[in-house]
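J.: Quick one: structure below, then a few questions.
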Amino acid sequence: MVDLESEVPPLPPRYRFRDLLLGDQGWQNDDRVQVEFYMNENTFKERLKLFFIKNQRSSLRIRLFNFSLKLLSCLLYIIRVLLDDPSQQHGCKELIWGCSSQNNSSTKINWSPIIWVNRSLPLWGLQVSVALISLLETTLLSYLSYKGNIWEQVVRIPFLLEIINAIPFIITIFWPALRNLFIPVFLNCWLAKHALENMINDLHRAIQRTQSAMFNQVLILISTLLCLIFTCICGIQHLERAGNKLTLFDSLYFCIVTFSTVGFGDVTPKIWPSKLLVVIMICVALVVLPIQFEQLAYLWMERQKSGGNYSRHRAQTEKHVVLCVSSLKIDLLMDFLNEFYAHPRLQDYYVVILCPTEMDAQVRRVLQIPMWSQRVIYLQGSALKDQDLLRAKMDDAEACFILSSRCEVDRTAADHQTILRAWAVKDFAPNCPLYVQILKPENKFHIKFADHVVCEEEFKYAMLALNCICPATSTLITLLVHTSRGQEGQQSPEQWQKMYGRCSGNEVYHIILEESVFFAEYEGKSFTYASFHAHKRFGVCLIGVRREDNKNILLNPGPRYIMSSSDICFYINITKEENSAFKKQEQLRRNHTSRSFYHGPSRLPVHSIIASMGTVAIDLQDTGCRSSSVATLTLPSESGKAGRRPSIAPVLEVADSSALHTCDLLSDQSEDEATPSDEEVSNGLEYMKGYPPYSPYIGSSPTFCHLLHEKVPFCCLRLDKGCQHNYYEDAKAYGFKNKIIIVAAETAGNGLYNFIVPLRAYYRPKKELNPIVLLLDNPLDDLLKCGVTFAANVVVVDKESTMSAEEDYMADAKTIVNVQTLFRLFSSLSIITELTHPANMRFMQFRAKDCYSLALSKLEKKEREKGSNLAFMFRLPFAAGRVFSISMLDTLLYQSFVKDYMISITRLLLGLDTTPGSGFLCSMKITEDDLWIRTYARLYQKLCSSTGDIPIGIYRTESHKLATSESREMASQSQISISVEEWEDTKDNKEPFNYRSNHRNSTSSDQSDHPLLRRKSMQWARRLSRKAPKHSGKTAEKISQQRMNLYRRSERQELAELVKNRMKHLGLSTAGYDEMNDHQNTLSYILINPSPDTRLELNDVVYLIRPDPLSYVPNSASSRKNSFCNAIGQDTREETQL
């Protein structure tokens, strides 16, 4: 043990108490060696180099001192010239060779005034001092920059000029007779120019700012021009001492007139040395100045390409936003500018575009328009470079918009670029608000820190899903997020275009309740009461609120929500309240009328109101559940007089909790939910409500929806292949009760989750759930197998593989042709699709001879010329909700800069987010039994007083007569019937006739356009039939009739025969195909927040925001069972689309 302790090494120095007391003396004698680094920088030369050259600040001071010396020497020369008198000869008598011989002849040049000048002793002393200091400084700098080649330092032009100007002055110190010798000190201006360039370089290094090449080049050009003029002035003035004896001003005048090529000729040089100097200076100017101008022009062009810098002064005094894109297209630019500057308070903002690519010709032409050239600045650069972010003054920007390139083949790679840009901006300017557009939902969590995020695939699939259950939801959302004054289509002769265009100007606005004229009087009253009466009095539609202490927006929180003075109200109107004017007397009259029905505390109880009004839409006293087959808005049964006019219950100021019964969607109370049918049990379709157990990507919003009790095996998900659990191979064999929804996509991405969830939302009845079929490829056979003939909707998703077309607008080519094929094969099929470019919507359901489409095209061009942002809105497929472009939702991101709530409201409407207590979007259809309500205002009152629903618009369908040559041809041939079965019976025996009839069929479309050719062909066919081999009379007549039918059949009938033959070949029944092809010529459009006196029409679909049923669930489970149907209106489910 002792040996072990003796082997323990002692503590090192500085850790022992003795060393602490004695300081460092105890270990100074150790063997350790102290090493000093960078000893080469401690030499005298290196320290001088550090001070004069390497250190930016000290080097800048040296350059400034040198520049000042050169300017001082030039100033001393000018003083000497002004004090000199050319008539006096100085210093000539002191020289051995004298000057007398030169003055004998007047024809010869008198060199004495050129060689000798009058220089006073003080002036000579100053010039010698300046020359001596300059020479020492130049010698020292040459020594410090010496790198082994002495001639490289000696033959430099600055060094030679320094020798010429400094050595003669030093010689005069030792030889006083030469003190009046002329020395060309004015050449120091070129040394001053050289010192100025070095000084500017050191200045940029010292302040750590990026050197401006344009500024340097302009400085070089100006200094070069000044040096040329100054050299010429001083040279001409001095040489003409022996001639015209010009002053400095006369010499300046001569140089300006000569260099400007004016040449008056009143002042000219008289002796040949001065003439030679003028020739030399002109030659130098002709060589040097064009080179300088060329470099300046090149830098100017490069500056125009890169955009230069955004002024720091402007960034601190004016407001600006930055738009970061990977490639700037003209459509994206115009959409952004039109939407951004549509708001009055943004008119003074500047837009700085930061893009890594060079500006194309179209964008350049647009940015040269005076309206944009004063407010839009294009900078070529990358958001990942701090220098470019500094050029854009990102740290002073009010906001930064980062957009993804949706035309990329690899959309994930495009998202990665967007993520890096967002990170770079957040790192450089952490306080700058970020507005980011992302393509793939699985990449959202990387930019969770951004203030506002719009995920393209989330919104795209959600709108496609809601289009299947709420028609034209995509059109509704698009019109709501676009800025418009509702003036589109007002000059059109058609009434539907005027109504549609006027209602398209409605947008979502917000205001605090106590500051509002619309809603201030409804403080302390229920939400539905405020919404109804605000619409009745002012025509505004109150759709949601937000508490002052809560960030969550509640859409239609229901009749139990009591309005507070600090609530922020969200409403739909043509314009915001601040831009509205009110007629005070009319307002007071309406106010008195509305309050005459019932008064605050003295209002009657619910049962008294029902008794006094006589008839109500839904009896609130009835606590039993009605059958779901009962219509929603049917005329109430009359127990009194048979001719009594029906009435609608008033909307209560405060909901009566004793009479208000709500639904509990967590319980199974309806007929179809309480006891599942035997067929559902056999198919394993027992549903329950809950949250999906797995999320397809990080950041997906949990949604309460219908789920199966047990997970279906993967093999059972294949529709076209049987497995050990079932043997079905087509959709018809499954025997679905509801029509299916087919999704034709290229790949099954994570975004498809946002398509399925709205179709399986908890508030949708189980009996209305549509089967969803995912079709990853869409040949005709697969379409027929998956049940296209009895499908409710076919959703065609944009094909990502064609997005990288060489021509931008060709990115939608594959989708458009596929949709057109479906349209021609199944004319009445409801097809919903999404395109990349809004301009391509005109090709949807394309008819070459459609005169009405041509008229709409002319209307679209007129609206575009007027500056409308919604010129495409009158296209029939868009108005009907059959097609939309996701690029339209770019405006949603732009509007969020002014309306920070727009993304949240849109996500709530689409079902992407679910907030407790917030309602959801659904729809209901007006039937014949509902027409007694008559107007939209009465419908508003009925819904608010019964179910608490808030209507926000109408989807109207009207019959439309197509004025096309195709329709006339189809009508003329509608009487022709084709007996396909009979033809199949005889085609084996009559093959020659089959060939001939097919040949005629292939040419029928061409012959139909030429009546003479058609008539001759028919005559030829009759003659040919007479020359044919003799058959029995009945058989010959049948063959002749079949031939004529095949010849005269239309293209529509050809397509029908093709589809039927394929269905028979696949073993499918053709029963539903004939009904499917009964195409009705109709047009559909949306009326957002129509006026209260708008008449309801048959088959109108009303958009509703229905209160959240889960927010009304009481604590006791027993009360939930009894309060289901009345508040939600379970009896509305047959009429409700959602």
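The values are calculated or read from the model by the stated rules, or taken from the named source; none is laboratory data. Bear in mind the structure is a predicted one, so any value in this text is a computation, not a measurement. Virtual Cβ from ideal backbone geometry, glycine too; neighbours counted across all protein chains shown. The accessibility values were calculated without ligands, DNA or RNA, using every heavy atom of the protein model including side chains. Shrake-Rupley method; radii C 1.70, N 1.55, O 1.52, S 1.80 Å.
J.: Please go through the range 422-452 and pick out each residue that is in a helix (DSSP H, G or I) and farther than 18 Å from residue 912 by Cβ. Please lay out each step first, then the result.
T.: Going residue by residue through the range 422-452, those that are in a helix (DSSP H, G or I) are 422-428, 441-447.
Of everything in the range 422-452, those that are in a helix (DSSP H, G or I) and farther than 18 Å from residue 912 by Cβ turn out to be 422, 423, 424, 425, 426, 427, 428, 446.
J.: Of all residues in the range 259-276, which are under 18 Å from residue 224 (Cβ atoms) and modelled with pLDDT of 85 or more?
T.: Scanning the range 259-276 gives no hits.
J.: Would you mind telling me which numbered condition in (1) out of contact with any helix residue (DSSP H, G or I) (no Cβ under 7 Å at 6 or more places or on another chain); (2) of a type in the set (Lys, Arg); (3) open to solvent by 60 Å² or more (accessible area, probe 1.4 Å) residue 329 fails?
T.: Of (1) out of contact with any helix residue (DSSP H, G or I) (no Cβ under 7 Å at 6 or more places or on another chain); (2) of a type in the set (Lys, Arg); (3) open to solvent by 60 Å² or more (accessible area, probe 1.4 Å), only one is false for residue 329: (1).
J.: Right, something else. Residue by residue through the range 923-950, note down the ones that are surrounded by 23 or more Cβ atoms within 10 Å (Cβ to Cβ) and aliphatic (A, V, I, L, M).
T.: 924, 939, 943, 950
J.: Return the residues of the range 690-733 that are within 19 Å of residue 759 (Cβ to Cβ), among the hydroxyl-bearing types (Ser, Thr, Tyr) and open to solvent by 50 Å² or more (accessible area, probe 1.4 Å); say none if nothing qualifies.
T.: 691, 694, 695
One line per residue, one yes/no per condition, for (1) in contact with a Lys or Arg (Cβ under 8 Å, 6 or more places away or on another chain); (2) over 24 Å from residue 489 (Cβ atoms); (3) surrounded by fewer than 19 Cβ atoms within 10 Å (Cβ to Cβ); (4) of a type in the set (S, T, N, Q):
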| position | (1), (2), (3), (4) |
| --- | --- |
| 830 | yes, yes, yes, yes |
| 847 | no, no, yes, no |
| 861 | no, no, yes, no |
| 902 | no, yes, no, no |
| 908 | no, yes, no, no |
| 912 | no, yes, no, no |
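J.: Take residues that are out of contact with any Asp or Glu (no Cβ under 8 Å at 6 or more places or on another chain) and among the polar types (S, T, N, Q) and tell me which of the helices (runs of 4 or more DSSP H) falling wholly in the range 164-279 contain 2 or more. Spell out the reasoning first.
T.: Working: elements: 188-206, 213-239, 248-259.
It comes to 188-206, 213-239.
J.: Okay, moving on. Please identify the pairs in which a residue from the range 550-577 that is under 17 Å from residue 524 (Cα atoms) and part of a loop (DSSP other than H, G, I, E, B) has its Cβ atom under 6 Å from the Cβ atom of a residue that is modelled with pLDDT under 95 and of a type in the set (D, E, K, R), counting only partners at least 6 apart or on another chain.
T.: 563/523; 563/525; 565/514; 565/523; 566/548
J.: Something else about it: Mind checking whether some residue in the range 528-544 is without any contact (Cβ under 8 Å) to a residue 40 or more places away in the chain, part of a helix (DSSP H, G or I) and aliphatic (A, V, I, L, M)?
T.: Within the range 528-544 (the criterion being without any contact (Cβ under 8 Å) to a residue 40 or more places away in the chain, part of a helix (DSSP H, G or I) and aliphatic (A, V, I, L, M)), the answer is yes, since at least one residue qualifies.
J.: Of the residues 311, 306, 251, only one is polar (S, T, N, Q) and at pLDDT 85 or above; which?
T.: Numbers: 311 fails: at pLDDT 85 or above; 306 fails: at pLDDT 85 or above.
Answer to the check: 251.
J.: Also, I was wondering about something else. Being modelled with pLDDT of 90 or more and open to solvent by less than 40 Å² (accessible area, probe 1.4 Å) is the filter here; which residues of the range 351-363 pass it?
T.: 351, 352, 353, 354, 355
J.: Looking only at the range 758-817, which residues are at pLDDT 80 or above, open to solvent by 30 Å² or more (accessible area, probe 1.4 Å) and assigned to a loop (DSSP other than H, G, I, E, B)?
T.: Of everything in the range 758-817, those that are at pLDDT 80 or above, open to solvent by 30 Å² or more (accessible area, probe 1.4 Å) and assigned to a loop (DSSP other than H, G, I, E, B) turn out to be 760, 763, 776.
J.: Here's a follow-up. Which one of these does residue 335 not meet: (1) open to solvent by 20 Å² or more (accessible area, probe 1.4 Å); (2) of a type outside the set (A, V, I, L, M); (3) part of a loop (DSSP other than H, G, I, E, B); (4) within 16 Å of residue 893 (Cβ to Cβ)?
T.: (3)
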